[in-house]
Amino acid sequence: MNGKCLLWFIIIFPLIGCFIGYILGRRNEKYRDTFNIIMTGITFIAVMLLYRYVKIGVVEVSVPNVMGTGLHLKIDVFRYIFVWLASMVWFLTTIYSTQYLISYKNRNRYYLFFMLTLWSTIGIFISENILNLFTFFEIMSLTSYALVIHDEDDYSHEAGDTYIVMAVSGGLILLMGLFLLYDYTKTLSITELQVACQSLGNIKYLISTLIIIGFGVKAGMVPLHVWLPKAHPAAPAPASAILSGILLKTGIFGIIITMEIMGGDFIIALVILVLGFINMFLGGLLAMFQRNIKRILAYSSMSQIGYILIGIGLMGILKEHRAIAVYGTLYHIINHAIFKVLLFMLAGTIYMVLHELSINEIGGFGKNKKVLKILFFIGLCAIIGM
């Protein structure tokens, strides 16, 4: 299999697989669970096989006349990090889901939307055409909504309402920015936009504001973070893990792409830097007032996103030394994705046993549970940068 075939495989296989899994689940849930683990495992292996092609150059494929402007997919080392993280986390959370959801209803529906979210997330990270990226971004918003409201109680519906209103509003603002961008540059290719945007006047500040608001909603950027502390506790633990570990990164990915398109403009970079500091401080402060573990972790994620936004801001401010900021940002994206997923899974493990997440109620639960304590301590140390 060459690089192009592998690139097609990682976008087509999860899409077909999620429907096969759904049909299997109608007949036998055990077969579906096994199939989903194998499917996400194969996707992860295919992503790892892609590395040998990505490290020597860019892999690109395109199909004309799909989505009106053509489907243009591309993977380079930068995008590969996001795709690798998504496929690895999905593989682990799928294994975890099979045990976590044993007592849940509507499991088949959950897995269908869980896998569709994987497909759309990979689509976001490998889209070279910004309209393709937007399409996958909106699909991901709708499929992840089904995960947020999975419990179908009053709280999860309220959280789902907030999530979908924010996601759709953000999507419309993002689309307005993309319309303006295309109107002024006459191209939708991200690579071509980097050249075309150099000749834009002050209109680029309006365009980048609209686009960053659209992506900032999904990234949990202040003041667009209101859905985050609601959606994370409402969703089942494996869904919370991917919401925090991966879906927040789709917004971050979009903001990084916007920074690149705008040539690392100093004013845009400075605004992102300031917003990053606010995120960092406010997220950490609000986390200290919470009792629900998942809500504490949600606000912690908001704070961690602040660190990442500071890194993105420094990409534009440091100019010739921007490589340091790029490395730091990507390193923290990897760190947060892996260890925040671990912490959400551990919170889910506590919930499986006690059906309670308030720290006032679960005090003393881990007294004789050495493995749980060690794993929690590892996740804690990673998140505080120890």
Review point. Has the range 286-297 got at least one residue that is open to solvent by 10 Å² or more (accessible area, probe 1.4 Å), basic (Lys, Arg) and over 30 Å from Phe376 (Cβ atoms)?
Key: no
Check your understanding: Which of (1) in a helix (DSSP H, G or I); (2) surrounded by 22 or more Cβ atoms within 10 Å (Cβ to Cβ) is the odd one out, the single condition His225 does not satisfy?
Key -> (1)
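Which of the residues that make up the range 259-279 are open to solvent by less than 50 Å² (accessible area, probe 1.4 Å) and in a helix (DSSP H, G or I)? Break it down stepwise before answering.
Of all residues in the range 259-279, those open to solvent by less than 50 Å² (accessible area, probe 1.4 Å) come to 259, 261-262, 264-265, 268-269, 272-273, 275-276, 279.
Hits for the range 259-279 are Met259, Ile261, Ile268, Ala269, Ile272, Leu273, Leu275, Gly276, Asn279.
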Review point. Applying the selection to the range 39-68, what residues are open to solvent by 70 Å² or more (accessible area, probe 1.4 Å) and of a type in the set (Ser, Thr, Tyr)?
Key: Tyr51, Ser62
Review point. Does the range 176-191 include one or more residues that are open to solvent by 10 Å² or more (accessible area, probe 1.4 Å), small (Gly, Ala, Ser) and over 20 Å from the mean Cα position of the chain (by Cα)?
Key: yes
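This table checks each residue for (1) assigned to a helix (DSSP H, G or I); (2) under 19 Å from Asn132 (Cα atoms).
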{"residue": "Ala146", "(1), (2)": "yes, no"}
{"residue": "His150", "(1), (2)": "no, no"}
{"residue": "Met166", "(1), (2)": "yes, no"}
{"residue": "Gly170", "(1), (2)": "yes, yes"}
{"residue": "Thr187", "(1), (2)": "no, yes"}
{"residue": "Glu192", "(1), (2)": "yes, yes"}
Check your understanding: What are the residues in the range 350-384 that are of a type outside the set (A, V, I, L, M) and in contact (Cβ under 8 Å) with a residue 24 or more places away in the chain, if any?
Key -> Tyr351, Ser358, Asn360, Phe376, Gly379
Practice item. Would you mention how many residues in the range 88-124 are assigned to a loop (DSSP other than H, G, I, E, B), touching a residue at least 40 places away in the same chain (Cβ under 8 Å) and either open to solvent by less than 40 Å² (accessible area, probe 1.4 Å) or hydroxyl-bearing (Ser, Thr, Tyr) (or both)? Key: 2
Review point. So Gln194 fits all but one of (1) of a type outside the set (Asp, Glu); (2) open to solvent by 20 Å² or more (accessible area, probe 1.4 Å); (3) within 14 Å of the chain's Cα centre (by Cα); what number is the exception?
Key: (3)
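Determine which member of the set Ile383, Ile374 is surrounded by 11 or more Cβ atoms within 10 Å (Cβ to Cβ) and among the hydrophobic types (A, V, I, L, M, F, W, C).
Details: Ile374 fails: surrounded by 11 or more Cβ atoms within 10 Å (Cβ to Cβ).
Residue meeting the stated conditions: Ile383.
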Exercise for review: List every residue pair whose Cβ atoms lie under 8 Å apart, where the two residues are 6 or more positions apart in sequence or sit on different chains, the first residue falls within the range 226-248 and is closer than 15 Å to Thr117 by Cβ, and the second residue, located anywhere, is part of a loop (DSSP other than H, G, I, E, B) and among the aromatic types (Phe, Trp, Tyr).
Suggested key: Pro236/Tyr104
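Filter the range 37-56 down to the residues that are of a type in the set (Gly, Ala, Ser) and without any contact (Cβ under 8 Å) to a residue 12 or more places away in the chain and list them by number. Step through it out loud before you land on a result.
From the range 37-56, those of a type in the set (Gly, Ala, Ser) are 41, 46; that's our starting set.
Result: no residue meets the conditions.
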Study note, to complete from the structure: Sole miss for Leu273 among (1) modelled with pLDDT of 90 or more; (2) in contact with a Phe, Trp or Tyr (Cβ under 8 Å, 6 or more places away or on another chain) is condition (2)
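The values are calculated or read from the model by the stated rules, or taken from the named source; none is laboratory data. This one's a predicted model, so the numbers in the text were calculated from it and none came from an experiment. Cβ: placed from backbone, ideal geometry, glycine included. Neighbour counts: every protein chain shown. Just the protein is used for accessible areas: all its heavy atoms, side chains included, with ligands, DNA and RNA removed. Shrake-Rupley method; radii C 1.70, N 1.55, O 1.52, S 1.80 Å.
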